[in-house]
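Input: a single structure, listed below in structure tokens.
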Amino acid sequence: MSKIPYPLASRENHPENSVVQVGDIQIGGKSATIIAGPCSVESRDSYVEIAIELQKAGAQILRGGAYKPRTSPYSFQGMGEEGLRIMAEASDITGLPTISEVMDVETLPLVAHYVDILQIGARNMQNYPLLKAVGKTKKPVMLKRGLANTIEEWLMSAEYILSAGNPSVILCERGIRTFETATRFTLDLNAVPVIRKLSHLPILIDPSHGTGHSGYVPALSRAAIAVGADGIMVEVHSNPAEALSDGPQSLTVEEFRRLAPHIHQLSDFCQPFFEEAKNARTAKISVS
Ligand SMILES: [Mn+2]
């Protein structure tokens, strides 16, 4: 047995890529997954309306925040259970699964009741009681990388969820804090090939939080697919200027409509490159 500190998350002990199944969607399968939606659920009508538009435009999973970890206690904190109920209704109407952030152990049963994928936000990446608690559920978990955490710390956090009995973990790189201030965070695209080498878990990229500027999101979305990510999660708002959270980094619906087909085309184009890399890697592991 190896001395790897994250035996369940490591590729060495699990050479094949893991695929997380959510309804008809395979995250970590052959084609890239697009998760899209507003940062926060703001009202029933606005959310249902954008969900229908996103579904038509090629989104496969709907995002939305109901419990929001905001830097300021005076900022909009989310709609809470009402927001989750709205997401469930949008899911019924569009047929798309949903993802929303769970902020604490206390509200976990509620979030797990309404949504299909539980998101652990960057600020909670090392909230160990919460990681253990989502590890005991049967819902897929998307684990965002902390904004000042190493890849090893991130995989250790994934290990908490896996070791609690939940095999359905998806990683999401969302930018780390560096000296650079031109963008909100520095999107660490290095993390994709590094995770591919170290782990079998699927990895997505969040270029919205990673850059903080909607104008940079399409380029980094395409880069995410070219570097081998299993998909992207992007923020989209029907009127970004009026958004209650993260408006500056939110695409308009029209911008998303232009981006989504490029992601699917790029994914098809890039697939053979990663297939080859995966075979090489698997062979190498089996001889060592
Ligand atoms: Mn946001």
Residues being part of a strand (DSSP E or B) and touching a Lys or Arg at 6+ places or on another chain (Cβ under 7 Å) - total across segment 16-38: 3
Candidates LEU118, LEU62, LEU54, LEU131, filtered to the one that is closer than 26 Å to GLY212 by Cβ, in contact with a Phe, Trp or Tyr (Cβ under 7 Å, 6 or more places away or on another chain), open to solvent by less than 30 Å² (accessible area, probe 1.4 Å) and not aromatic (Phe, Trp, Tyr): LEU54
Any chance ALA182 is open to solvent by 60 Å² or more (accessible area, probe 1.4 Å), farther than 24 Å from ARG11 by Cβ, in contact (Cβ under 8 Å) with a residue 24 or more places away in the chain and outside any strand (DSSP E or B): no
Close pairs (7 angstrom Cβ cut-off, 6 or more residues apart or separate chains): over 17 Å from ARG63 (Cβ atoms) and open to solvent by less than 10 Å² (accessible area, probe 1.4 Å) in segment 215-240, part of a loop (DSSP other than H, G, I, E, B) and more than 16 Å from the ligand (Cβ to nearest atom) anywhere: ILE225/ALA32
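Given the options LEU118, LEU130, LEU201, name the one that is within 23 Å of MET79 (Cα to Cα) and outside any strand (DSSP E or B).
LEU130
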Residue within segment 230-252 that is away from the ligand (no atom under 16 Å from the Cβ), assigned to a helix (DSSP H, G or I) and not basic (Lys, Arg) present: no
Enumeration of residues in segment 29-58 that are touching a Ser or Thr at 6+ places or on another chain (Cβ under 9 Å) and within 16 Å of the ligand (Cβ to nearest atom): GLY37, PRO38, CYS39, SER40, VAL41, GLU42, SER46, ILE50, LEU54
Filter result for SER168 (more than 15 Å from the ligand (Cβ to nearest atom), within 16 Å of the chain's Cα centre (by Cα), open to solvent by less than 10 Å² (accessible area, probe 1.4 Å) and polar (S, T, N, Q)): no
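The values are calculated or read from the model by the stated rules, or taken from the named source; none is laboratory data. What you are looking at is a predicted structure, and each value in this text was computed from that prediction instead of being measured. Virtual Cβ from ideal backbone geometry, glycine too; neighbours counted across all protein chains shown. Ligands, DNA and RNA are stripped out before the accessible areas are found, and what is left, the full protein with its side chains, is counted by its heavy atoms. Shrake-Rupley method; radii C 1.70, N 1.55, O 1.52, S 1.80 Å.
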